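Peer 1: To start, I am sharing the structure in question, which I have written as structure tokens.
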Amino acid sequence: MLNFTIRRLVISIPTLIIISLVIFLLLEMAPGDPMAQVPLTVPPDVKQKMREALGLGEPIPIRYWKWLVQFFWIEPLNLIDYMFGTGLAEGKLRVISWQTRSPVMEIVAQRIPQTLWVVGMSYVIGTLIALPIGIISAYRQYSWFDQIGTFVSMVGFSVPTFFTGVLLIVIFSVNLGWFPSIYDTTLVVDSWQSFVQQIRQMIMPVSVLALYNAAQISRFMRASMLDNLNQDYVRTARAKGLTERTVVLVHVLRNSMIPVVTVIALGVPQVFGGAIITEQVFKVNGLGQLLITAIQANDLPMVQTLTFIFAVLIVVFNLIADILYGILDPRIRYD
Amino acid sequence: MTDMTAHDMPEQPPRSQWWDVWDQFKTHKGALMGGGFLIFITLAVVVGPWIWTLDPQKLDIRAKDIRPIYTALWDAGAKVDWGHPLGTDNLGRDTLAKLMAGGKVSMSVGWVAMLLSVVLGTTIGVAAGYFKRLDGVLMRLTDLFLALPLLPLLLVFMLLFRDVLRSAFGPETGIFILIVIAIGITSWMQTARIVRGDILALKEREFVLAARSIGTSPAKMITRHLLPNVMSPIMVSATLGLANAIITESALSFLGLGFPSDFPTWGKLLFDATDRMELYPERVIWPGIAISFTVLSVNYLGDGLRDALDPRIRGR
């Protein structure tokens, strides 16, 4: 198992390097110039110096290397400094945003909690809803429960989140006035009232994303259960007199969970990406909203870093999915 | 030679497999309805502008902010007009005409991007499956693309090439080309994987060996023997690709990085209307319904096709 894990880890390193190179080179072509807002009265040679101070004068390979060092070495050091109060990264240059002239990672760290709250919560809720629905749908195939379940999951899977979000706002904020349409991130939860307020503003974004995730996961769960329910070992289990409950919830469920667990792991980074839209609908100022504003403001270091963070998430969760598959299914390990 | 007597002859002419596929397809109600709706919406956006001849771009400031007729059912004082059954926007442009014009763009982006991604995916899949030397490289490439953060990258694409293409091909064609290519090259991976898997399995079959033994060239082998046998997974992934392309295009427009406002698509119409949705919810709801129903019908169509094209299910 250790061998398998190490092999997977080693494979993911070149993937990350190539992806970082692709993102870096792509943004090299960007037309934006951070000096565009500097007044015209500033002489050109001063402008050139300012450009060099932002690290723009040097050739591409050197800048790529510096960016990699900043991302993988200096930023983690800063995190350690922050956590343990040490001074490892003092004086080292960090990735600086063109918009705010402050380190990109600090802004990202400010935005992560909002995204994690909304997105993380919706993924957990979506999964918790999807699993029982998938199991029951498969066990009672073609029953009314299955018909409704597959229809709802098809709808949840087809209707884009920006429409469900807007529809919920029209119904529940505009017409009924139950929930606020804008997510207030400055809210501090310190009393029962503010806690209720927090729950109320989270209900709509979380349910939009949860519906979308639940739709996808329940389809997988149902298909995987159906594959297993007709297998010989299920008949054997029934023939030796096990209760139906044990057969379905222990024998069949454990085997059907193998592909579903990997799908759940693979879905996490996609959820972060998809949350860009939901965050925009409900005005949650999380990572997705940060990316959109950075793109509109032509803030290339920010766009670069955020895109790469999304890529790192994908590679990391691919790795997790692979390793989980290896743990759950011994046949995979010896391939 | 055997004598062919009357009772040896089959009573009916042989049926092609497509008739069996159709018979199976007919039993899937959702797929039939999905196909029907897809035809309806295609006709509505293609033929519709000839029947409903109002110009979607025509400003008529006197007829601004007209509500859809059905609002008169519960609000007698609402400003409605039979000349604009779905109402008008804040500049007096007719909503129904705009929906049809937007749908035309959305649907054509969907179709072209889907075709591009299917052609790309099939080519890469066939090349990887058939030519052993290319397999490793192409599959690593596919894995790499699968590990890219697609939506952020699409947004970055829009940022980078929007102005270049706009100045080269004009605002409308430029954005169209950009969106179609961007969606096409970020959505071929699943098709490529499925096609490669099927080609690898087909290559071991006897008919391929037979064809090779009579000296069939690789090009003929692929076009005559392999491609027809992988048509069904390609068709299924084409329907999924169409749904995906329509959603991606509207998502990009919704985020403000797609088509410009004077060249509306369903996603853009929805986005433009969100600012005033408290007063005019219908301007959000109609484009949203159009996107959702189209995608839903395409997904049902794909489900039905998958069942109908799978010979193991077809017999039952």
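The values are calculated or read from the model by the stated rules, or taken from the named source; none is laboratory data. Nothing here was measured: the structure is a model prediction, and the numbers come from that model. Every residue, glycine among them, receives a Cβ derived from its backbone with ideal geometry; neighbour counts consider all protein chains shown. With ligands, DNA and RNA removed, areas are computed over all heavy atoms of the protein, side chains included. Shrake-Rupley method; radii C 1.70, N 1.55, O 1.52, S 1.80 Å.
Peer 1: How well do other chains shield peptide B:138-151, expressed as the mean number of their Cβ atoms within 10 Å of each residue Cβ?
Peer 2: Whole-number average of other-chain Cβ neighbours for B:138-151 is 5.
Peer 1: Ok, one more. Averaged per residue, what accessible surface does the range A:110-296 expose to a 1.4 Å probe, in Å²?
Peer 2: Details: 8880 Å² over 187 residues.
That works out to 48 Å² per residue.
Peer 1: Can you run phi through the Karplus equation (6.51, -1.76, 1.60; θ = phi - 60°) for the range A:149-162 and list ³J(HN,Hα) in whole Hz, with x for Gly and Pro?
Peer 2: Ordered by residue, 3J(HN,Hα) equals x, 5, 5, 5, 5, 5, 5, x, 7, 8, 6, x, 5, 5 Hz.
Peer 1: Looking only at A:Asn318, A:Asn230, A:Asn285, which one moves most when chain A is put into a Gaussian network model with springs between Cα atoms under 10 Å?
Peer 2: Among A:Asn318, A:Asn230, A:Asn285, the largest GNM mean-square fluctuation belongs to A:Asn230.
Peer 1: Over chain A, with a Gaussian network built from C-alpha contacts below 10 Å, which listed residue (A:Val248, A:Val260, A:Val95) shows the highest mean-square fluctuation?
Peer 2: Result for chain A, Cα springs under 10 Å: A:Val248 fluctuates most.
Peer 1: Roughly how large, in nm² to one decimal, is the mean projection of the convex hull of the alpha-carbon atoms in the protein assembly as shown? Before the final figure, lay out the partial values.
Peer 2: Values: hull surface 168.8 nm².
Its Cα hull, projected and averaged over all orientations, spans 42.2 nm².
Peer 1: Ballpark to the nearest 100 Å², how much total accessible area do B and A bury together, probe 1.4 Å?
Peer 2: 3400 Å²
Peer 1: Show me the ranking of peptides A:181-190, B:234-243, A:145-154 by mean Cβ neighbours inside 10 Å, starting with the highest.
Peer 2: B:234-243, A:145-154, A:181-190
Peer 1: Hey, another quick one. Return the long-range amide H neighbours of A:Ile96 (sequence gap of 5 or more, or a different chain), with a cut-off of under 5 Å between placed amide H atoms.
Peer 2: A:Val104
Peer 1: Could you please state how large a percent of the accessible area of the protein assembly as shown is carbon and sulfur, counting protein chains only and using a 1.4 Å probe?
Peer 2: Details: 22070 of 33620 Å².
Ligands and nucleic acids excluded, carbon and sulfur give 66 percent.
Peer 1: Using only Cα atoms, find the angle between the long axis of helix A:75-84 and the longest principal axis of chain A, and express it within 0 to 90 degrees, rounded to the nearest 10.
Peer 2: The answer is roughly 80 degrees.
Peer 1: When the dipole is taken about the Cα centre of chain A, and only Lys, Arg (+1) and Asp, Glu (-1) are charged at their Cβ, what size is it in debye, to the nearest 20? Working shown, then result.
Peer 2: Values: 23 positive and 20 negative charges, 161 e Å.
Using only the charged Cβ atoms, the result is roughly 780 debye.
Peer 1: For chain B, rounded, prolate or oblate, judged on the Cα gyration tensor with a ≥ b ≥ c (square roots of eigenvalues), a/c < 1.5 rounded, else prolate if a/b > b/c? Can you show the working numbers first?
Peer 2: On the way: a/c = 3.03, a/b = 1.65, b/c = 1.83.
It is oblate, given that a/c is not under 1.5 and a/b is not larger than b/c.
Peer 1: Moving to a separate point now. Give, ordered by residue number, each residue of the range A:297-320 whose 1.4 Å probe accessible area is reduced by a minimum of 30 Å² on adding the remaining protein chains to the chain alone.
Peer 2: Residues meeting the cut-off: A:Thr307, A:Ile314.
Peer 1: How big is D for the range A:204-327, in µm² s⁻¹ as a whole number, if Stokes-Einstein is applied with the Kirkwood radius of its Cα pairs at 37 °C and 0.692 mPa s?
Peer 2: Answer, rounded: 192 µm²/s.
Peer 1: Can you give me the accessible area per residue for the range B:158-230, using a 1.4 Å probe, in Å²?
Peer 2: On the way: 3840 Å² over 73 residues.
Here the per-residue accessible area is 53 Å².
Peer 1: Here is a follow-up. Determine the distance separating the Cα centre of the range B:222-290 from the Cα centre of the range A:157-191; give it in Å without decimals.
Peer 2: Here the answer is 23 Å between Cα centres.
Peer 1: Still on this structure: Using the crude model of +1 on Lys and Arg Cβ and -1 on Asp and Glu Cβ, and no other charge, please compute the dipole size for chain B relative to its Cα centre, in debye to 20.
Peer 2: Details: 30 positive and 28 negative charges, 143 e Å.
In total the dipole reaches around 680 debye.
Peer 1: Let me check I've understood the local charge: for A:Ser173, count other residues with C-beta under 11 angstrom from its C-beta, Lys and Arg +1, Asp and Glu -1. What total comes out?
Peer 2: Value of the local net charge: 0.
Peer 1: From the helices alone, meaning DSSP H stretches of at least four residues, give me the mean residue ellipticity at 222 nm for the protein assembly as shown, per-run term -39500 (n - 2.57), in deg cm²/dmol to the nearest 500.
Peer 2: Rounded to the nearest 500, it is -22000 deg cm²/dmol.
Peer 1: Right, next: Comparing B:Phe161, B:Phe176, B:Phe259, which has the greatest mean-square fluctuation in the GNM of chain B with Cα pairs linked when under 10 Å apart?
Peer 2: Result for chain B, Cα springs under 10 Å: B:Phe161 fluctuates most.
Peer 1: Based solely on C-alpha atoms, express the radius of gyration and the Dmax of the range B:159-316 in angstrom.
Peer 2: Using the Cα atoms of the range B:159-316, the pair Rg, Dmax is 21.3, 72 Å.
Peer 1: Provide the per-residue ³J(HN,Hα) series for the range B:138-149, in order, calculated from phi with Karplus coefficients 6.51, -1.76, 1.60 and θ = phi - 60°, each as a whole number of Hz, with x at glycine and proline positions.
Peer 2: With coefficients 6.51, -1.76 and 1.60, one gets 5, 6, 4, 4, 4, 4, 4, 4, 5, 8, 7, x Hz.
Peer 1: If you don't mind, another one. Round to the nearest 10 and give me the degree value, 0 to 90, for the angle of helix B:282-309's Cα axis relative to the longest principal axis of chain B.
Peer 2: That helix lies at roughly 10 degrees to the long axis.
Peer 1: For chain B, what does the relative contact order come out to in percent, with C-alpha contacts under 8 Å and a separation of six or more?
Peer 2: Relative contact order for chain B comes out at 24 percent.
Peer 1: Spelling out what I want: for every residue of the range A:257-266, take phi, set θ = phi - 60°, compute 6.51 cos²θ - 1.76 cosθ + 1.60 (Karplus), and round to whole Hz; glycine and proline get x.
Peer 2: 5, 4, x, 5, 4, 5, 5, 4, 5, 5
Peer 1: Calculate the dipole size of the protein assembly as shown relative to its Cα centre from +1 charges on Lys and Arg beta carbons and -1 charges on Asp and Glu beta carbons; express the result in debye to the nearest 20.
Peer 2: Charge dipole of the protein assembly as shown: 1040 debye, to the nearest 20.
Peer 1: Can you give the angle from 0 to 90° between the axis of helix A:60-69 and the longest principal axis of chain A, with both taken from C-alpha atoms, to the nearest 10?
Peer 2: 60 degrees
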